[in-house]
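What follows is a single structure, written as structure tokens, with notes after it.
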Amino acid sequence: MKCAITDVMENNKRGTNKPEISIIHASGGISDKYGFIRMTSTLYKSQCALSLGPNRYGQYTFGGPQSFSNNTSLGYCPSGKAMTEVHIVIRDHGPPTDDKLLQMTRFTDPSCKQLDGPNTCADIGTTGFPQMKEDDTVKNDIGRFPMFPIGCAEVGNCTRIEEAIQLQSEESNEVTIIRVGDSLQVVAELNIPKVRVRIPKAKNSRVFD
């Protein structure tokens, strides 16, 4: 049975998250002035016990909110003959700041409003892939994050920016996964909605991971 991102979030909230789930930062980048961005990454089978930080400089490679983290991860670690079901989540970090490196590598960086910064940082898209066969290639459309459905701003469940920056599956937003032996290669090609933001000298480009 294929799981959705909502299953992960709801199980975590209830404390019933029994599936062995790993959330890892894969890639980051800055879109061009037209809103296009291509991100690539490769995940390799791990030994089921990865240390993801933070290190003494505060840097970490955990890919989700702190409520999911205990500073370790299973990584990409299929059990027995079972294969891992992969879900891709895209996160918007707003216009580039002087801390571009942190914007591209942290789930919550200093530019985010959660840390009193100027930018809205929010998940804007997700897609899931079923268990893949050996040396298989699968392409999926990627659309808005389920926490931010159409109309969520009007009813007060999200801000207008959080709703406006969501990816639309009909806008040629695609993720491709290639399984090669003990690795998974991922290519995300996205067209980001243009959003007006009230930040001095803001450009059309935005930062993503």
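Yes/no matrix, rows are residues, columns are (1) closer than 20 Å to MET39 by Cβ; (2) over 17 Å from the mean Cα position of the chain (by Cα); (3) at pLDDT 95 or above:
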site	(1), (2), (3)
ASP116	no, yes, yes
ALA122	yes, no, yes
PRO130	no, yes, no
ILE165	yes, no, yes
ARG179	yes, yes, no
VAL186	yes, no, yes
PRO200	no, yes, no
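Any chance the range 85-96 includes a residue that's of a type in the set (D, E, K, R), surrounded by fewer than 18 Cβ atoms within 10 Å (Cβ to Cβ) and at pLDDT below 95? The answer is yes, given that some residue of the range 85-96 is of a type in the set (D, E, K, R), surrounded by fewer than 18 Cβ atoms within 10 Å (Cβ to Cβ) and at pLDDT below 95. Of all residue pairs spaced 6 or more apart or on separate chains, those with beta-carbon atoms under 8 Å, a first member in the range 147-169 that is surrounded by 13 or more Cβ atoms within 10 Å (Cβ to Cβ) and a second member that is assigned to a helix (DSSP H, G or I) and not hydrophobic (A, V, I, L, M, F, W, C) are PHE148/GLU162; PHE148/GLU163; CYS152/GLU162; CYS152/GLU163; ALA153/ARG160; ALA153/GLU162; ALA153/GLU163. Of all residues in the range 135-154, one or more are touching a Gly at 6+ places or on another chain (Cβ under 8 Å), more than 17 Å from ILE37 (Cβ to Cβ) and of a type in the set (Asp, Glu). The set of residues in the range 91-129 being more than 14 Å from SER31 (Cα to Cα), touching a residue at least 24 places away in the same chain (Cβ under 8 Å) and acidic (Asp, Glu) consists of ASP123 alone. Across the range 33-41, a minimum of one residue is classified as buried (at least 18 other Cβ atoms within 10 Å of the Cβ) and closer than 29 Å to PRO193 by Cα.
Sort out which residues of the range 81-114 are within 17 Å of MET39 (Cα to Cα) and hydroxyl-bearing (Ser, Thr, Tyr), and write them in order of number. Passing the criteria: only THR105. Of all residues in the range 162-194, those that are at negative phi and part of a loop (DSSP other than H, G, I, E, B) total 9.
The values are calculated or read from the model by the stated rules, or taken from the named source; none is laboratory data. This structure is a prediction, so every number in the text was calculated from the model and none was measured. Neighbour counts run over all protein chains shown; Cβ positions are idealised from the backbone, glycine included.
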